[in-house]
Amino acid sequence: MDSQEKDQARLSLPMSQWLNAERDDGLLIAWRGAQAFYLGQFRRDVAALAAELVGREERRWALCFDDSYRFAVALLASLYAARVPVIFGHQREAILKEQRADYDALLTDMPLDPGVPVLSVSEGANADSVLPAWPQDPRFILYTSGSTGQPQAVNKSVACMDHESELLAATWHGPLQGCCVIASVSHQHMYGLSFRLFLPLAFGLPFDAQLTQYHEQLIARHQGRRLVFVSSPAWLKRLDSRLALTECVEVFSAGGPLSGAEAQLSQQMLGGLPLEIYGTTETGSLAWRKQVREAALWQLFDGVTLTVNSDSCVKVVSPLIPDSGELVLSDIIQLAPDGRQFQLNGRADRIIKLEEKRLSLSEIERRLTSLPEIADAAVLTQQQTGRTVLVAVIVLSSYGETCRQTLSEGELTRKLHQALRGWLEPVALPRRWRIIDAIPLNPQGKRAYAELQELFL
């Protein structure tokens, strides 16, 4: 079977073929409100930006976008121009300034000025520019969320992303045909990138360029469309049972496991149980489940294997992992006897080593929230004068707010620090504190660690 026959046998379209000149220019790619974007315009927008990038010397281009259509234009143009897209999991100017060593210039649709050359990306190119040849083994840099410290750069292969699209198509291509994709999660994260952009573009489905932030927006954007909704536990648990049913063909959820009650609420309001996806930035999608019963086991995708050794270390082998094809996971997993299903029991990567002591950031947070003054807490690491220390961001309870009326912030945090000494070793005590109204979440529903780190700049 030659390469052309192999492409014809695929259920999904590889990224190199998204702009294929043989495809219909009138194919709907995306929409933004009443504005529609078709393949002909998409091709012109990518070609025009690629031509501009080819004429510039900067190699590593950070991508920070609100709008998913413009992000898709920037991603494709960067790759066609043989540049390296760098995708951070945030859009925060202060953090971008801290990360300037990791990129040379910025592509954006936002008013950002991180101290590097900036190109503003929009749409509407009129002239037909010739697309450069698709590069050999194109790659981009995607950053992890940084839940235990600094976000880590992950070298992602487009070939692995294409393989993931084909893996998803093997299971869901048929049922999703004729659907439109909307999302409450950002394209700046692995899950959003895979399901909000790669899935619709590889499946030939139009996607909403704008984020769906509220339940009311989901209802408004339905408009008779057959919807695939890419969401997260944080969003789904806020569904309002008083609002009208918005029936979706499929609801995807990732970023953490749903509780049984949250899954049932989604079924009640969206017409079906969410299809939960388990994976990581480094590995891509690994497993899925639907909670037809509470705490249902996760099912591995075809071609993915897990092994757990005597030290509870979990190794994954997957065709979606670039280069080596294998990785050690930071989650605690219990395999079922068949080796194809598993129970997810939490994260091991919130265990850190500090001054030769193993510390659980989750345990420290639990101790913090056990204090009557604290309703919620996030603990993270920070570098101070060459050493790693712990810092805490806290949300006060009503009792804590009452205490704050009679104590200064310094007095209050010293009181909390003293209360923790009975439970925690000195090295585990937070050195700096910030009091805020609520722990921020990113559009994926995970804690926004970039914003939390920014509080200590």
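The values are calculated or read from the model by the stated rules, or taken from the named source; none is laboratory data. Note that the coordinates shown come from a computational prediction; the quantities given were computed from them, not determined experimentally. We place every Cβ from the backbone using ideal geometry, glycine too, and count neighbours over all the protein chains shown.
A few remarks follow.
- Listed here are the strands (runs of 3 or more DSSP E) enclosed by the range 221-304 that have at least 2 residues being in contact with a Lys or Arg (Cβ under 7 Å, 6 or more places away or on another chain): 275-280, 298-300.
- Meets criteria (closer than 18 Å to Gln453 by Cα and either without any contact (Cβ under 8 Å) to a residue 40 or more places away in the chain or assigned by TED's automatic domain parsing to the domain that holds Thr305 (or both)) for Thr402: no
- Filter result for Ser165 (outside any loop (DSSP other than H, G, I, E, B), in contact (Cβ under 8 Å) with a residue 60 or more places away in the chain and surrounded by 17 or more Cβ atoms within 10 Å (Cβ to Cβ)): yes
- Of the residues contained in the range 130-153, none is found to be part of a helix (DSSP H, G or I) and under 19 Å from the mean Cα position of the chain (by Cα).
- In the set Gly124, Gly89, only one residue is small (Gly, Ala, Ser) and at positive phi; that residue is Gly124.
- Check on Val73, closer than 22 Å to Tyr191 by Cβ and surrounded by fewer than 23 Cβ atoms within 10 Å (Cβ to Cβ): no
- Residues that are at pLDDT 90 or above, out of contact with any Ser or Thr (no Cβ under 9 Å at 6 or more places or on another chain) and buried (at least 19 other Cβ atoms within 10 Å of the Cβ), drawn from the range 429-455: Leu452
- On the stretch given as the range 263-299, residues that are more than 24 Å from Arg225 (Cα to Cα) and over 20 Å from the mean Cα position of the chain (by Cα) total 8.
- Within the range 207-231, residues that are under 25 Å from Ala169 (Cβ atoms) sit with their Cβ atoms under 6 Å from residues that are of a type in the set (Asp, Glu) and assigned to a strand (DSSP E or B), at 6+ positions apart or across chains, in these pairs: Val228/Glu250.
- Positions within the range 181-206 being in contact (Cβ under 8 Å) with a residue 60 or more places away in the chain and β-branched (Val, Ile, Thr), in sequence order: Val185
- Cβ-Cβ contacts under 6 Å between residues 6 or more apart (or on different chains), taken from a first residue in the range 253-266 that is at positive phi to a second residue that is in a loop (DSSP other than H, G, I, E, B) and among the basic types (Lys, Arg), are listed as Gly255/Lys446.
- Apart from one condition, Glu282 fits all of (1) touching a strand residue (DSSP E or B) at 6+ places or on another chain (Cβ under 6 Å); (2) in contact (Cβ under 8 Å) with a residue 60 or more places away in the chain; (3) surrounded by fewer than 20 Cβ atoms within 10 Å (Cβ to Cβ); the exception is (3).
Residues are listed down the side, and each one gets a yes or a no for (1) over 16 Å from Gly279 (Cα atoms); (2) among the hydrophobic types (A, V, I, L, M, F, W, C); (3) modelled with pLDDT of 95 or more; (4) surrounded by fewer than 17 Cβ atoms within 10 Å (Cβ to Cβ):
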{"site": "Val116", "(1), (2), (3), (4)": "yes, yes, yes, no"}
{"site": "Ser145", "(1), (2), (3), (4)": "no, no, no, no"}
{"site": "Ala153", "(1), (2), (3), (4)": "yes, yes, no, yes"}
{"site": "Met161", "(1), (2), (3), (4)": "no, yes, yes, no"}
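- When Thr406, Thr402 are checked against the criterion of being farther than 29 Å from Arg358 by Cβ, in a helix (DSSP H, G or I) and β-branched (Val, Ile, Thr), Thr402 stands alone in meeting it.
- Among residues of the range 298-313 being surrounded by 11 or more Cβ atoms within 10 Å (Cβ to Cβ) and of a type in the set (S, T, N, Q), the one that is farthest from Glu326 (Cα to Cα) is Gln299.
- Taken together, the residues in the range 314-325 that are in a loop (DSSP other than H, G, I, E, B) and either of a type in the set (Gly, Ala, Ser) or surrounded by 13 or more Cβ atoms within 10 Å (Cβ to Cβ) (or both) amount to 7.
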